[in-house]
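The values are calculated or read from the model by the stated rules, or taken from the named source; none is laboratory data. Just so we're clear, the structure is a prediction, and the values are computed from it rather than from any experiment. When we count neighbours, we look across all protein chains shown, and the Cβ atoms used for this are built from the backbone with ideal geometry, even at glycine. With ligands, DNA and RNA removed, areas are computed over all heavy atoms of the protein, side chains included. Shrake-Rupley method; radii C 1.70, N 1.55, O 1.52, S 1.80 Å.
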Amino acid sequence: MKVSHVLSLGTVLSCMLLAEEPILRVGIMTDTHIKTTRESCSLVQAALELFKEQEADLVINVGDIADLHYPEGYKHYRDIFNETFPQDKPKEIYIYANHDTINQPDWDTAFAAVKELLQVPHNPRDQLEINGCFFLIFPQRIDVEDYENSIKEASAKYPGQPVFIIDHVPPYDTTRNSLVWGDYRRRQILDRYPQAVHISGHTHNSLRNEMCIWQENFTCINAGCLQSWGGSLVGTAPTSKKSDEVLIMEVFSHKIDFHRFSVTDKKEFLGDKLWSVPWPFDKATAPYSIAARKAQAPKPQFQAGAKISVITDSAGAGLTLQFPYAHDPDSVEVYKIEISHQEADGAWVMFTRQDIQADFYLPPQQRSGQQTHAFNAGYFTAGKTYRFLVTPVDFFGNEGASLQTEATVPNVEQGEIIYESSLPMQELPFLSGLSDGSPLPLADGFYHHKSGNARLVLPDNVWAGPAKTRFRFTIDMQMKQPGPGQWTLVLRNPTPLTNANARIHTPPGESGLQRYVIDFRKRGEDYNYYFLIREGSAGFVQFKYVKIEKFP
């Protein structure tokens, strides 16, 4: 690995004597989402320049090369690759995934065009051996039987060696965000093959997230993204954050190292937390198992004297919480915020939870030292007092001690009430699918949602008004999901297919009553939204209250 530090002559000589060159060096990027212009390939170009500087033998793009199927973009990508590597070109792997099929009649037609335009040197389903390392290449849609047979055959052919599986979609419940975006069939198969080293994209993570590497019955790496990501946040729609991060994988006879780089400054980050996978694989001593890391990681804690500040908006648009970082910002993934209101008997009842992204994803010099989070007025009633509990949570689920404060909300901005119901399960249909569909069955007062898509259909004309009209949608609901599954919530306009908000994730397990507020401006005059619950696993949901307000 190239090293930019200044070392003494003695240290340099010692390093030269001890240094071991890898069998293979691989540059890995994913979810590049280029568009039609050469400028849209700027991060790809920076990544390729980094890979050249690092002397990569192989370059991998793990899928969603373009944002849509853009012939011009693929041509620019190929031109940039050839200009970066005019000779001594590295080997190449490209994964064929969903975004590269959009606006094409079918997947086969789209993939054939990508192969020709980008001059991809292999087929959508293929394999490659380089320097004795074996790579299986899969498109996003897999043939399940072929998937398992090929992994089984490769494991037998290369006993004791890693079998690298390059595959856009992660296995279910492995790396971060795979609970919603991962595939259960892949997980079932891979659990049987400890030699598997699965490398994925799709979920748009920051590589500063320590849950982008995972081990249990096999090893799984998510390569982040080279575009933007939002994250998986309970109770609130995440904001979009730019990413310029890629991996350099070095394969040795006794280990596999994954170095994390920014392509903007071409510097490695978190080198003191290098992901190094010992080989051969041993589940009992695998360093990146969740259980082992959770047990070893110290719980995140606030510094002594830390307090929450509550800032109320004079116009009643909501309130803002501010609080300092918990100790060691690199270790905190989210801050869990729970809000309670007080009942007549004095008891405090939690009614909403919102997670906010900690600043771990920012370079240290860009971190402000405090977290800020705004709550919409739709969560509150004027004159009532609320209790706020803030808990730091690390990447592995460890929770530190909470901060707590109380505040009275003086006034609340209100719009014209277009629709309001305390009996939405009697007044509104809850149907399966994205169109047509049948009513979901009831069990003990809860709808049985069998995963997939289900929509709460709202009355006609509640969204009447010109484009850019502001609405606020408020819903109180209770959910029960077995296991770790989470649903995602959006208001969706079916034609053209447009969401009013980024995905809001529900908490796993039994949530208790939860309030969700979606405040937005509709994009088109004829837009007509339904409330969509999707993804996750089977469970039960009960709707308690719905309100739609319109603002001038």
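Shape annotation for the range 237-307: C-alpha extents along the principal axes are 50, 35, 26 Å, from largest to smallest. Ordered from largest to smallest accessible area (heavy atoms of protein chains, 1.4 Å probe), the residues Lys450, Lys241 come out as Lys450, Lys241. Compute the label zone of Ala315 within the range 375-399: residues whose backbone N is under 20 Å from the point 7 Å along Cα-to-Cβ. Output list for this probe position: 375-383. Note that the range 404-500 presents 48 Å² accessible area per residue, ligands and nucleic acids not counted, probe 1.4 Å.
Ranking Asp108, Asp265, Asp328 from most to least accessible surface, computed with a 1.4 Å probe over the protein chains only, gives Asp108, Asp265, Asp328. The apolar share of the surface of the chain, taken as the fraction of accessible area on carbon and sulfur atoms (1.4 Å probe, ligands and nucleic acids excluded), comes to 50 percent.
Computed from the C-beta positions of Gln414 and Gln188, the FRET efficiency with R₀ = 45 Å rounds to 0.35.
Selection among Phe471, Ile95, Val59 by position relative to the dipole of the chain gives Phe471 as farthest towards the positive end (Cβ unit charges, Cα centre). The gain in end-to-end length when the Ala297 to Asp108 segment is fully stretched comes to 63.4 nm, 0.36 nm per residue minus the alpha carbon separation.
Dipole magnitude for the range 213-315: computed about the Cα centre from +1 point charges on Lys and Arg Cβ and -1 point charges on Asp and Glu Cβ, it is near 260 debye. The order of Arg192, Arg125, Arg208, Arg176 by accessible area, most exposed first and with a 1.4 Å probe, is Arg192, Arg125, Arg176, Arg208.
Taking GluC sites (Glu not before Pro) as exposed when DSSP calls them loop and at most 10 other C-beta atoms lie within 10 angstrom, the chain has its longest site-free stretch at 21-342.
Over all orientations, the range 109-251 has a Cα convex hull whose mean projected area works out to 9.7 square nanometres. Exposure check, 1.4 Å probe, all protein chains in place: Met477 carries approximately 0 Å² of accessible surface.
Note on the range 108-160: Cα Rg divided by 2.2 N^0.38 Å, N the number of residues, gives 1.30. Cys41 exposes around 0 Å² of accessible area when a 1.4 Å probe is run over every protein chain in place. With 30 Å as the limit on Cα-Cα distance, the pairs of Lys152/Lys299; Lys267/Lys522; Lys522/Lys544; Lys241/Lys267 that go past it are Lys152/Lys299; Lys267/Lys522.
Take the range 258-317 with all the other protein chains still there, run a 1.4 Å probe, and you get 58 Å² of accessible area per residue.
The solvent-accessible area of Asp244, taken with every protein chain present and a 1.4 Å probe, is close to 30 Å².
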